[in-house]
Structures are given as structure tokens and as C-alpha cells.
Ligand code: ATP
């Protein structure tokens with residue numbers, strides 16, 4: 001199988017670098033399956049899992065907090081504010097973040113900015129838990 005280089009980069013540095021056979025990601029417009037040789041494109045991502053297929057059942061799973069997917073025929077780059085490999089996610093931390101966000105969303109008084117921020121934090125926590133299989 002042909003492969004392409006995939007890099008996942010955050011403001012803290014590179015999170016992932018590997019040669020993979022297929023990238024499956026959730027763009028704002030829907031799910032994308034990218035194989036080597038794909039035409040160049042850029043797409044904003046949802047808070048979601050990115051699957052990196054490495055042959056057979058072997059795959060890496062990364063939780064991304066949105067960001068941008070840039071595709072070139074032999075290179076895929078994901079730029080995200082935060083991204084974690086499934087094996088590096090702190091489950092207790094994600095559970096605490098989820099509970100905090102839920103408490104904020106259910107609080108009696110809240111302004112719109114707080115609501116949106118809590119909603120995004122909730123989505124990030126749910127996504128992290130889902131990527132570890134706890135979602
Ligand atoms: P928290 O409230 O727990 O900080 P958050 O969603 O607000 O969660 P982010 O702002 O998305 O956190 O991320 C801040 C940094 O912490 C990033 O580098 C991110 O990769 C890392 N991070 C956040 N949650 C986890 C987690 N559960 N496991 C590992 N790393 C995490």
C-alpha cells in the first residue's frame with residue numbers, strides 16, 4: 001500500500017508524525033477519507049477523532065480540538081489548538097473537565113459567552129473520553 005506523511009502540530013509542538021495509508025477526519029462539512037495522491041485542499045475540522053490507518057487493523061487515534069486539515073498529495077498536516085494521541089489522554093482529567101462543563105451549563109445564571117465556552121469544553125472532554133473508549 002502507498003503511504004503519505006502525516007503531521008499533527010499544536011502551539012506546543014509536534015504531537016504526531018508518521019507514514020500512514022489513510023487518514024479519516026471529520027471536517028465541518030462531513031467525514032473525509034484521504035488516501036495518498038489526494039488533491040490539495042484545506043478544511044476546518046470538528047472537535048473529533050482523527051483515525052490514522054497503518055495497514056490491517058493497525059491504526060492510531062488522535063483527539064483534536066478542531067483546527068485545520070491541510071492535504072497535499074503526499075503530506076497531510078493537521079494544525080490544532082490541542083491534540084492528543086488516545087494513549088496519552090488523562091482520563092480522570094477529561095472526566096473532571098466534563099463534570100465542570102456540565103455544572104456550568106446547568107447553572108442558574110449564565111451569560112452567552114460562558115455558555116459557548118462551556119459547550120466547547122464539554123465537547124472536548126467528551127471527544128477525549130470517546131477516543132479512549134470511555135465515551
Ligand atoms: P482542562 O479543563 O482539563 O484543561 P481543556 O479542554 O480546557 O481541559 P485544552 O485547553 O483543550 O484543555 O488543552 C490544554 C492542554 O492540555 C493541551 O495541551 C491539551 O493537549 C492538554 N489536555 C487537555 N485535556 C487533556 C487530557 N484529558 N489528557 C491529556 N492532555 C490533555
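The values are calculated or read from the model by the stated rules, or taken from the named source; none is laboratory data. Owing to the predicted nature of the structure, the values given are computational and were not obtained by experimental measurement. Using ideal geometry, Cβ is built from the backbone for each residue, glycine included, and neighbour counts are taken over all protein chains shown.
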- Query: Which condition number in (1) part of a strand (DSSP E or B); (2) more than 16 Å from the ligand (Cβ to nearest atom); (3) touching a residue at least 24 places away in the same chain (Cβ under 8 Å) is the one that residue 37 fails?
  - Reply: (1)
- Message: Based on this model, can you work out whether residue 73 counts as modelled with pLDDT under 95 and closer than 30 Å to residue 5 by Cβ?
- Response: yes
- If you go through 59, 84, 74, 102, the only one that is out of contact with any helix residue (DSSP H, G or I) (no Cβ under 8 Å at 6 or more places or on another chain) and surrounded by 14 or more Cβ atoms within 10 Å (Cβ to Cβ) is 59
